[in-house]
Amino acid sequence: MEALDLLENKYLYTNQIIITPSDMNEYFKNSYYYPLETEQNIIEAVAAGKGDVALSKLQFILDKNLKELQLTQNSVTEFKFAITATIKRLMQTIGKTEADIFGDGAITYLELNLCKTPDELYKKITETFEIILKSAEQNAAQSSNVLIRAIAEYIDVNYQNPDLSLTSLAEHFNLTINHLSRTFKKYNGINFKDYLAEYRIKVACRILNDNPNIKIAELAKIVGYDTSASFIRNFKNIMGVSPGQYRS
C-alpha cells in the first residue's frame, strides 16, 4: 500500500530520484491528499447513478484530510478549493448550476469557508454532496421517464415489424442493450420480450373482437409474427386459450 501511495503521488517529488514513505509523510504534514484519479472516480460514480460509491470515496478523502492528516490552515483552504472544483465539475456532469441545486446567490466555496472546525467542514461537504446526488437521481429518473415514454411510442408504431427486438431498439435509441434492458424492466416491471409479446397479443384480441372472420395466418402477420405457430403459441401462453378458442 505504501508503494502504491508513492507511485500515485510521485509527481510531487520532481527533484528526488528515490522517495520513501517518510518523504510522503513529511510532505502530507503540510499538504492535503486528493488524487485526481479519486476525484474522477467520484464524478464517474455520480454520473453512473452510483451514489453510495461516490459517498464512500468522498468519505475516504474526508477522513484522510480532516481526521488523519494534520493540515495547516493554508492546506485546509486549498482543500476547500479542490472540493469546490469537484462540486462544480459534478454539477456540469449532471447539467445543473449552483442556483439550480442550492438556490439563487449560493456560492459553494463561501459556504465551506464558513466552517471553522474540521468536523463542521466534514459535515458541510457531506451534506453538499448528498444534495447534489439527490438532484442527480431526480435528473436521471426524469430522463428515464422520458426514455420509457419514447420507447412505448416507438413500440406502438413498430410492433408490426417482425424484426423489432431489444437489439434494434437499443440501436435506435443509441443505448447499450444491457442499459436498455435494465431500465425497461425497472420501469415496466417486465422484460422487453414479454412486454412486446403481450402488446401484440392484446392488439390481436382487439382485431379478433372487431373482425372474428379474419384468418389466423393473416392476423399473425398483422401483429408482427413470422409464423402462425409462434403467434398461436404466444397467444395461448398469454391468454390461456388458442386464437380459435378465443374467437369462439
Exercise. Figure the gain on full extension for Ser248 and Ala106 (residue separation times 0.36 nm, minus the Cα-Cα span) and round it to one decimal in nm.
Key: 44.2 nm
Quiz prompt | Three-way shape label, the chain, alpha-carbon gyration tensor, a/c 1.5 | solution = prolate
Exercise. State the three equivalent ellipsoid semi-axes of the range 127-180, derived from the C-alpha gyration tensor as the square roots of 5 times its eigenvalues, in descending order and whole Å.
Key: 31, 12, 5
Quiz prompt | Phi to ³J(HN,Hα) by Karplus 6.51 cos²θ - 1.76 cosθ + 1.60 over the range 125-130, Hz, x for Gly, Pro | solution = 4, 4, 4, 4, 5, 5
Exercise. Describe numerically, in nm with one decimal, the distance between label points set 7 Å from Cα along Cα→Cβ at Lys185 and at Met1.
Key: 3.7
Quiz item: Residues of the range 25-160: accessible area per residue at 1.4 Å, in Å²?
Solution: 56
Self-check item: Segment Glu137-Glu198, length gained on full extension (0.36 nm per residue, minus Cα span)
Solution: 18.9 nm
Exercise. Apply the Karplus parameterisation 6.51 cos²θ - 1.76 cosθ + 1.60, with θ equal to phi minus 60°, to every residue of the range 93-108 and state each ³J(HN,Hα) to the nearest whole Hz, in sequence, with x for glycine and proline.
Key: 5, 9, x, 10, 10, 4, 5, 4, 8, 10, x, 4, x, 6, 10, 4
Self-check item: Nitroxide proxy distance, nm - points 7 Å out along Cα→Cβ at Thr117 and Thr167
Solution: 6.2
Practice problem: For the chain, give the percent of accessible area contributed by carbon and sulfur heavy atoms, probe 1.4 Å, rounded to a whole number. | Solution: 50
Exercise. Quick one: Debye curve from the alpha-carbon atoms of the range 150-248 only, equal weights, vacuum; give me log10 I(q)/I(0) at q = 0.21, 0.22, 0.23 Å⁻¹ to two decimals.
Key: -1.03, -1.10, -1.17
Quiz prompt | Calculated FRET efficiency for the pair Phe60/Asp156, C-beta based, R₀ 41 Å, to 0.05 | solution = 0.30
Quiz item: From the phi of every residue in the range 174-188, what ³J(HN,Hα) in whole Hz does the Karplus formula 6.51 cos²θ - 1.76 cosθ + 1.60 yield, where θ is phi - 60° and glycine or proline is x?
Solution: 6, 10, 6, 4, 5, 5, 4, 4, 5, 5, 4, 5, 4, 8, 10
Self-check item: In degrees, nearest ten, helix 36-47 long axis to first principal axis of the chain (Cα)
Solution: 30
Quiz item: Over the chain, what is the relative contact order in whole percent, taking alpha-carbon pairs under 8 Å and six or more residues apart?
Solution: 12
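The values are calculated or read from the model by the stated rules, or taken from the named source; none is laboratory data. Just so it is clear, the structure is predicted and the values come from calculations on it, not from any experiment. We place every Cβ from the backbone using ideal geometry, glycine too, and count neighbours over all the protein chains shown. What goes into the accessible areas is simple: the full protein's heavy atoms, side chains included, and nothing from ligands, DNA or RNA. Shrake-Rupley method; radii C 1.70, N 1.55, O 1.52, S 1.80 Å.
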